[in-house]
1. Does the chain come out rounded, prolate or oblate by the C-alpha gyration tensor, with a ≥ b ≥ c the root eigenvalues, rounded set by a/c under 1.5 and, if not, prolate when a/b is larger than b/c and oblate if not?
2. Which whole-Hz couplings ³J(HN,Hα) result when phi for each residue of region 77-83 is put into the Karplus expression 6.51 cos²θ - 1.76 cosθ + 1.60, θ = phi - 60°, listed in order with x for Gly and Pro?
3. Residues of region 1-109: accessible area per residue at 1.4 Å, in Å²?
4. If I stretch the segment between F98 and L7 completely, what's the gain in nm (0.36 nm per residue apart, minus their alpha carbon distance), one decimal?
5. Just reorder F13, F18 by solvent-accessible area, largest first, 1.4 Å probe, all chains present.
6. Run the accessible area of the chain with a 1.4 Å probe and give the carbon-and-sulfur part as a rounded percent.
7. How high is the relative contact order of the chain, in percent, counting Cα pairs under 8 Å that sit 6 or more residues apart?
8. If packing is taken as the average number of other Cβ atoms within 10 Å across a peptide's residues, how do 45-57, 90-102 rank, most packed first?
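The values are calculated or read from the model by the stated rules, or taken from the named source; none is laboratory data. Small disclaimer: the values here were computed from a predicted structure and weren't measured. A quick note on method: Cβ atoms are made from the backbone with ideal geometry, for glycine too, and the neighbour counts reach across all protein chains shown. Protein only, heavy atoms only, side chains kept; ligands, DNA and RNA dropped before computing areas. Shrake-Rupley method; radii C 1.70, N 1.55, O 1.52, S 1.80 Å.
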Amino acid sequence: MRFGHLLSGLAVFGLGLFFTYYYSPLVVGVFKGSLQPIMIIIGMLALLSVVFDKTRYKKINLLVAVVMLAVGGYGWYDEYIATMDFLYGVLPIALVLFGVISVAHGVRTLK
């Protein structure tokens with residue numbers, strides 16, 4: 001067994017559960033604030049498609065990129081608190097997942 005992975009995995013898992021309980025009233029804000037980062041990610045992907053892809057749909061991808069980045073940027077500005085609530089909501093879930101992965105990796109026997 002890997003004691004370091006096991007110990008850190010349990011610590012991260014416990015932190016994730018604690019933060020999930022601590023920030024549970026922010027559930028509505030999590031869903032409301034998730035739209036801005038999603039729009040920005042879609043806009044960045046469309047912009048990367050414009051830059052690196054060699055298709056004939058560059059104008060459509062550019063239009064989608066500009067619209068998504070504008071909507072995501074304005075939403076991030078307008079709903080800053082909701083976006084931060086989203087980030088506070090995603091952090092515990094990510095900590096729990098990484099904790100479970102680390103514990104599973106630490107319990108696995110070495111070859």
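1. It comes out oblate by the Cα gyration axes.
2. 5, 6, 10, 4, 5, 5, 5
3. Solvent-accessible surface per residue comes out at 70 Å².
4. 31.5 nm
5. Sorted descending by solvent-accessible area, the residues read F18, F13.
6. 78 percent
7. Relative contact order comes out at 55 percent.
8. 90-102, 45-57
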